[in-house]
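In what follows, a structure is listed as structure tokens, so that the remarks can point back to it.
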Amino acid sequence: MKVFHVCCLVCLANFSSSQTVAEELFTWPGGERMAISLSYDDALDSQLDTAIPALNSYGLSASFYLTLTSPTVRNRLTEWRAAATQGHELGNHTIYHPCSAALPDRDWVASYYNIDNYVIDEIVHEIEVASSFLHAIDGHNKRTFTPPCDDLIVSGEDYLPAVRDMFVAIKGHEPESPALAVLWAPVAVSGSDLIERVNAEAANGTKLLNILFHGIGGDYLSVTSEAHDQLLKYLADNQEIYWVDSYITIMEYASEHPATEAMRQ
Ligand SMILES: [Zn+2]
């Protein structure tokens, strides 16, 4: 395919020698150039209304990080359960979505969900209960985690080490494998912008691209349903280049693949 050849030429031109070695040592299951984890945070209505039907129509699996206080968890639980049955991952995004109110533009953080007021055991227990709740929805015992706002400091300490063992992987914090992972949270971009970034990451030697969405055609931090659909169609049409799957499936493969050890640098 033409796109593939163009991509290869760019890659060969841009790879450093260490990246070339990594490329030779590590391959995704179908020999794809890059894995892509499409993820959707906060359990929003537009994800159930628009994102999941679009993903299903192209046969693509993704990860949905549910904030368990979201109204959709109360009102549309059977739809989340159906999404899991359809092959999508229901990931942990805590119960209350605690973030720091001390950062700029954080007026929306309620004082009782302010992570600056938590202690380590409190966030650990909240995340444990969230996993139990998710187990009650989908029956799974293994899943991945996306830290709300990526705010990690509780009582002056990074809480991730206290919860890392609960998860197959933590989104955006992939210390073990694969190397060359990138996280991108697009907002208000076009379909061609999305596709252009995907191709640019592959050309730069990125092995795992985490694309983190919120609203799709609605809600907040949104991407239009048209742009989203354009990306999905492109990815479905280019599956020999891009492996799109749930984050847990991608990271289970990465952690089990012996060559990933050699990629640590
Ligand atoms: Zn969130």
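Values in this text are rule-based calculations from the coordinates and carry no lab data. The structure displayed is predicted, hence computed values, not measured ones. FYI the Cβ positions are ideal-geometry reconstructions off the backbone, even for glycines, and counts take in every protein chain you see.
Just the ratio, please: alpha-carbon radius of gyration of the range 83-140 over 2.2 N^0.38 Å, N its number of residues. Walk me through the intermediate numbers first.
Working: Rg = 14.0 Å, N = 58, 2.2 N^0.38 = 10.3 Å.
My calculation over the Cα atoms of the range 83-140 gives 1.36.
Could you list log10 I(q)/I(0) for the chain at q = 0.10, 0.16 Å⁻¹, which the Debye formula gives when each Cα is one point scatterer? After summing over all Cα pairs, the log10 values are -0.51, -1.27. Have a look at LEU77, SER46, LEU60 and report the one farthest towards the positive end of the charge dipole of the chain, computed about the Cα centre with Cβ charges (Lys/Arg +1, Asp/Glu -1). Of the options given, the answer is LEU60. Taking amide hydrogens as placed 1.01 Å from N in the peptide plane, the amide H of PHE213 sits under 5 Å from those of SER39, TYR40, ASP41, each at least 5 positions away in sequence or on another chain.
Rounded to the nearest Hz, the phi-derived 3J(HN,Hα) couplings of the range 108-121 under the Karplus curve 6.51 cos²θ - 1.76 cosθ + 1.60 (θ = phi - 60°) are 6, 7, 5, 4, 7, 10, 7, 5, 5, 9, 7, 10, 4, 4, where x marks glycine and proline. Once you have a ≥ b ≥ c as the square roots of the Cα gyration tensor eigenvalues for the range 142-230, tell me rounded if a/c is under 1.5, and otherwise prolate or oblate according to whether a/b is larger than b/c. Cα axes put the range 142-230 in the oblate bin.
In a simple Cβ point-charge model (Lys, Arg +1; Asp, Glu -1; nothing else charged), the range 100-233 has a dipole of about 480 debye relative to its Cα centre. Mean sequence separation of contacting Cα pairs (under 8 Å, at least six apart), scaled by the length of the chain, corresponds to a relative contact order of 30 percent. Projecting the Cα atoms of THR146, GLY217, ALA110 onto the charge dipole of the chain (Cβ charges, centred on the Cα centre) puts GLY217 farthest toward the positive pole.
Given a Förster radius of 30 Å and the C-beta distance between TYR112 and SER192 as r, what FRET efficiency does 1/(1 + (r/R0)^6) yield to the nearest 0.05?
Numbers: r = 42 Å, r/R0 = 1.41.
The value I calculate is 0.10.
The simple spin-label model puts a point 7 Å past each Cα toward its Cβ; for ILE120 and THR69 those points are separated by 2.4 nm. For the chain, DSSP calls about 10 percent of its internal beta bridges antiparallel.
What does the charge dipole of the chain about its Cα centre add up to, to the nearest 20 debye, if the Cβ of each Lys and Arg holds +1 and the Cβ of each Asp and Glu holds -1? Don't skip to the answer; put the middle values down first.
Working: 14 positive and 36 negative charges, 104 e Å.
Rounded to the nearest 20 debye, it is 500 debye.
Determine the gain in length on full extension of the stretch GLU256-ASN56; use 0.36 nm per residue of separation and subtract their C-alpha separation, reporting nm with one decimal.
On the way: separation 200, 0.36 × 200 = 72.00 nm, distance 2.71 nm.
So the chain would gain 69.3 nm between GLU256 and ASN56.
A helix-only calculation puts the chain at -11500 deg cm²/dmol for mean residue ellipticity at 222 nm, using -39500 (n - 2.57) for each DSSP H run of at least four residues, averaged over all residues. Maximal additional length on extending the GLN239-THR27 stretch stands at 74.9 nm, based on 0.36 nm per residue less the C-alpha distance.
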